[in-house]
Amino acid sequence: MTHSLHRSGDIESQKKDFVWFMYQTKGVNDVGIKPKALAFIEAAEAAGSVNWGDVKTGPVTRFPAEEIKAKLSDKSRIRGVFTRREQVVEFLKRIKEEDLGMSVVISGVLDEVLAACREAGVKPHSINFSLGVWGRKEKLPDDVTLSITTMCGHHMIPPKFVEYIIKQVDSGKMTPEQGANRLSDFCYCGIFNQVRCAEIIKNQTGK
Amino acid sequence: MARINAEKCVGCRICQTYCSVEAIGFDGQKCFIDPDQCVECYVCLRQKVCPRGAIEVSPLDNFYKEFQHMMSDPVENHPVTGVTGRGTEEVKTNDVSGRVKRGEVGFAIDMGRPGLGVYLRDAEKVAMALCKAGVKLTPAEHSPLAALMPDITTGKLVEDCLNYRLLSVIIEGKCREEELGKALAALKEVESQIDTVFSVGLIMRVDENGQNPAIGCLDDLGIPRPHRGKVNVGLGRPLAEA
């Protein structure tokens, strides 16, 4: 799936948003992945991943880390989010050193991701370049809503629920951080960047 | 499939806020799920949004309903590809599998994304346009949509599936770098013939600085250069060494 590729919103905001993935290849290295998945999670936690998860259980913003780790299986997909380039560099350096043989993908603004690769001493193999959205764009929600809903690439976050959360924050019933955490519950993969989301809500509401 | 039990529904309309594709209607007294609009993503079920437990699930009654649910709910594994979500590999494991080689361009056309959903009749139009432009679609063992194509050289889907709506589905394929301009021109033409959106991803082998000169053809077509990418950083052990 291309679900982390087409995030939208202000470029400076997108520069604080990096998605990391560990991938197994069917028929090649997809058996007995749990120890490697745990190594990835440990490296990500050490580097300060603000959210991570396994689509089979859910995100760490909603489920205890130990529960997600305990339920890891060969069908798991491990992924998460960093908010700073330095975190990506630290993560890549450690994964390179551990030489686990699994595919590693970093999604984000190319200038930032490629700089992180250089700093970590890894050489990009291939890139899925985003050419953005085509077709009936006039049917899409407003840009602020989209900048939040596209942080769950599977579109599990309903646009109307984003509007509801922004109204709740605007009326003082919850903080931007509480609103962002509530929205993160919808993204089972753990790639929703609740830190960036809280900033977007703050900018929108002035709270 | 998801449905609302009218005997339990009290018409509070809370569920409408939680529908990913606005498929929940209200008849003045009760809420109902429009089966033509619902994509079976099960967000309403997983989030347990109804305080009365009125949202229920009944068995998916045919192959296309199962396909619709499989593509719309990322928790499910696709039975053929074994991959969660929409079941495709695109750039994720290219360092291991080598599916997109030097001199080739992979396409990952994310139909219905972001958030509008897609009727398969519109996915068919885009798939057929790509095929006519020389793109070879990815076969069914790596691409779920291809399972609905009797002949993947045409992109045409089986007739019975065309009116099913999915949250999104990916058209995957590849062509030679020198054919990229023709394929993108075909996408530009077909984008006005469909009733939804799609997001375009181009998968390419790159040099150590993340560059590939073939992307320069975007300038000729007036397509802005990409600022986002999904970078496979090359730490996977290639298949030949695994």
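Throughout, read-outs are computed from the coordinates displayed, never taken from laboratory work. On a predicted model such as this, the values are computed, not experimentally measured, just so you know. Don't worry about glycine lacking a Cβ; one is built from the backbone with ideal geometry, like all the others, and counts go over all protein chains shown.
Structure values in brief
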| item | result |
| --- | --- |
| Cα principal axis extents for region B:79-220, largest first, Å | 45, 35, 29 |
| Region B:1-69 and region A:1-45: distance between their alpha carbon centers, rounded to Å | 31 |
| Positive-pole candidate from A:Val89, A:Met22, A:Pro124, dipole of region A:1-124, charges at beta carbon | A:Met22 |
| Shape category assigned to region A:68-126 from the gyration tensor of Cα positions, a/c cut at 1.5 | prolate |
| Distance cut-off 27 Å, percentage of C-alpha pairs in chain A lying past it | 30 |
| Test item: A:163-169 mean partner chain Cβ contacts at 10 Å | 1 |
| Angle in degrees between helix A:85-98 and the longest Cα principal axis of chain A, rounded to the nearest 10 | 20 |
| Within chain A, helix-based [θ] at 222 nm, where runs of 4 or more DSSP H residues each add -39,500 (n - 2.57), nearest 500 | -12500 deg cm²/dmol |
| Average other protein chain Cβ within 10 Å of Cβ, residues B:138-149 | 0 |
| Cysteines having no other Cys beta carbon under 4.7 Å from their own, within chain A | A:Cys117, A:Cys189, A:Cys197 |
| Cβ neighbours within 10 Å from other chains - mean over B:189-199 | 4 |
| Student exercise, the protein assembly as shown dipole from Lys, Arg, Asp, Glu Cβ charges, in Debye to nearest 20 | 580 |
| Furthest towards positive pole of dipole, A:Ile200, A:Gln168, A:Val50, structure part region A:49-207, Cβ charges | A:Gln168 |
| Cβ-placed point charges (K, R +1; D, E -1), dipole of chain B about Cα centre in debye, nearest 20 | 460 |
| Pairwise Cα inverse-distance average, inverted: Kirkwood Rh of the protein assembly as shown (Å) | 22.0 |
| For B:Arg228, distant residues with modelled amide H under 5 Å away | A:Leu110, A:Ser130 |
| Order by protection proxy (mean Cβ within 10 Å, highest first), peptides B:183-189, A:13-19 | A:13-19, B:183-189 |
| Chain B, relative contact order in percent, only Cα pairs under 8 angstrom and at least six apart counted | 22 |
| Helix-derived mean residue ellipticity, 222 nm - over chain B, DSSP H n ≥ 4, -39500 (n - 2.57), to 500 | -5000 deg cm²/dmol |
| Among A:Ile165, A:Ile106, A:Ile78: highest mean-square fluctuation, GNM of chain A, C-alpha pairs under 10 Å | A:Ile165 |
| Nearest-0.05 FRET efficiency for A:Glu12 and B:Asp27, computed from C-beta distance (R0 56 Å) | 0.75 |
| Positive-end residue, the protein assembly as shown charge dipole about Cα centroid, Cβ charges, pick of B:Leu184, B:Gly173, B:Ile14 | B:Ile14 |
| At 1.002 mPa s and 20 °C, Stokes D of region A:1-121 from Kirkwood alpha-carbon radius, µm² per second | 146 |
| Highest-MSF residue in chain A out of A:Met151, A:Met174, A:Met102 [GNM, Cα springs under 10 Å] | A:Met174 |
| Cα long-axis angle, helix A:110-120 against chain A (0 to 90 degrees, to the nearest 10) | 30 |
| Relative counts (whole %) of C-alpha pair distances in chain B, using bins that are 10 Å wide | 7, 29, 30, 20, 10, 3, 0 |
| Spatially proximal lysines relative to A:Lys36 (Cα-Cα < 20 Å; intrachain offsets below 8 disregarded) | A:Lys26, A:Lys56, A:Lys69, A:Lys71, A:Lys75, A:Lys93, A:Lys96, B:Lys92 |
| Burial ordering of A:Lys36, B:Lys182, fewest other beta-carbon atoms within 10 Å first | B:Lys182, A:Lys36 |
| Over 22 Å (Cα to Cα) - which of A:Lys16/B:Lys188; A:Lys173/B:Lys8; A:Lys16/A:Lys202 fall in this group | A:Lys16/B:Lys188; A:Lys173/B:Lys8 |
| Potential extension, B:Lys182-B:Lys65 segment - 0.36 nm per residue separation minus Cα distance | 38.6 nm |
| Net dipole in debye of chain A [+1 Lys, Arg Cβ; -1 Asp, Glu Cβ; about Cα centre; nearest 20] | 420 |
